[in-house]
1. Name the single residue that is nearest to the chain's Cα centre (by Cα) among those in the stretch 160-180 being crowded, with 23+ Cβ neighbours inside 10 Å and part of a loop (DSSP other than H, G, I, E, B).
2. Among 5, 46, which is the only one that is touching a strand residue (DSSP E or B) at 6+ places or on another chain (Cβ under 6 Å), farther than 27 Å from residue 137 by Cα and either at pLDDT 95 or above or surrounded by 16 or more Cβ atoms within 10 Å (Cβ to Cβ) (or both)?
3. Counting only residues that are of a type in the set (D, E, K, R) and surrounded by fewer than 19 Cβ atoms within 10 Å (Cβ to Cβ), which one in the stretch 237-281 is farthest from residue 169 (Cα to Cα)?
4. Quick check, is residue 21 aliphatic (A, V, I, L, M) and more than 22 Å from the chain's Cα centre (by Cα)?
5. Residue 146: farther than 25 Å from residue 54 by Cα and more than 18 Å from the chain's Cα centre (by Cα), yes or no?
6. Can you confirm whether residue 58 is over 22 Å from residue 132 (Cβ atoms), surrounded by 14 or more Cβ atoms within 10 Å (Cβ to Cβ) and free of Cβ contacts under 8 Å to residues at least 24 places away in the same chain?
7. Considering the stretch 24-41 alone, what residues qualify as being more than 17 Å from residue 180 (Cα to Cα) and among the charged types (D, E, K, R)?
Amino acid sequence: MTILVTGATGRVGHHVVEQLISRGAAVRILTRDPSKANFSPDVEVVQGDMLNIASLRAAFAGIKTLFLLNAVTGDEFTQALITLNIAREAGVRRVVYLSVLHADRFVNVPHFAVKSGAERMIAQMGFSATILRPAYFIDNEHMITDVIVNHGIYPMPIGSKGIAMVDTRDIAEVAAIELIRRDQTEGELPSDTINLVGPDVLTGADAAALWSEVLGRTIGYGGDDPTGFEQNLATFMPEWMAYEMRLMAERYVSDGMLPAPGDVERLTALLGRPLHTYREFATGTASEA
């Protein structure tokens with residue numbers, strides 16, 4: 001059967017599509033802009049979005065398994081709820097949903113609360129689902145490498161509790177494994193939740209020290225200042241989004257984003273290889289600087 005992937009042209013989604021293709025799965029994607037769908041010709045492309053009912057119905061025709069990824073937007077919850085309703089209407093029973101680690105705890109952060117609500121809807125609607133809960137993406141650090149490399153500061157206010165940053169390639173490979181497992185199994189599997197974390201827990205000071213080692217010069221930590229973080233973000237993104245990122249940073253500082261016991265071991269066994277590390281990212285970035 002064909003697997004439908006939403007968010008297919010983004011940082012995680014395009015890896016999911018490539019992983020599915022490499023495993024011989026038939027893939028269909030829903031995208032606003034087909035020109036960004038740089039995949040093999042075998043991938044079916046449906047133009048549309050999660051607020052366009054006609055395009056959703058076209059995308060779900062003949063589908064039984066869905067990878068649901070929707071971006072952080074002002075109407076993210078509406079998009080998720082409509083998509084899940086249309087999926088059930090079309091007879092889809094199997095879902096892999098990209099949520100976020102601590103979605104059930106960081107409920108004052110809008111996109112965490114949205115994902116917690118979508119998780120509840122998936123459960124109450126009776127989908128056979130895998131909920132993927134990734135920690136902070138290592139790949140987010142691309143946004144700050146100029147500050148690190150050229151200004152000598154690690155600026156993300158991630159605090160002193162620690163964050164188990166995860167590589168999007170690891171997220172995508174787990175997603176593909178779960179999609180194919182659910183798609184190819186006769187009957188319906190029990191629902192499950194998988195925390196997606198990296199192998200290391202880093203504080204702000206740890207990240208700065210790692211960059212210092214990799215670059216061969218001192219990199220300082222910018223400190224736990226979510227207010228300054230928000231003000232900087234507001235210069236290049238909508239104010240509501242900058243404020244939301246500030247709320248997220250405040251929870252990093254107060255709570256951290258830590259794996260549960262056994263998370264790393266479970267992922268390593270599932271992938272059959274070690275997880276990608278933050279050091280790999282930093283080393284690769286430094287070599288290109």
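1. 165
2. Result: 46 is the single residue among 5, 46 that is touching a strand residue (DSSP E or B) at 6+ places or on another chain (Cβ under 6 Å), farther than 27 Å from residue 137 by Cα and either at pLDDT 95 or above or surrounded by 16 or more Cβ atoms within 10 Å (Cβ to Cβ) (or both).
3. Per the criteria, the residue is 239.
4. In short, no.
5. Yes, satisfied.
6. Answer is yes for this residue.
7. Answer for the stretch 24-41, where residues must be more than 17 Å from residue 180 (Cα to Cα) and among the charged types (D, E, K, R): 32, 33, 36.
Here is a yes/no grid of residues against (1) within 30 Å of residue 286 (Cβ to Cβ); (2) not hydrophobic (A, V, I, L, M, F, W, C):
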{"residue": "73", "(1), (2)": "no, yes"}
{"residue": "82", "(1), (2)": "no, no"}
{"residue": "87", "(1), (2)": "no, no"}
{"residue": "94", "(1), (2)": "no, yes"}
{"residue": "103", "(1), (2)": "no, no"}
{"residue": "122", "(1), (2)": "no, no"}
{"residue": "138", "(1), (2)": "yes, no"}
{"residue": "145", "(1), (2)": "yes, yes"}
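The values are calculated or read from the model by the stated rules, or taken from the named source; none is laboratory data. All of these numbers come straight from a predicted model, not from anything done at the bench. Cβ atoms come from the backbone with ideal geometry, glycine included; neighbour counts cover every protein chain shown.
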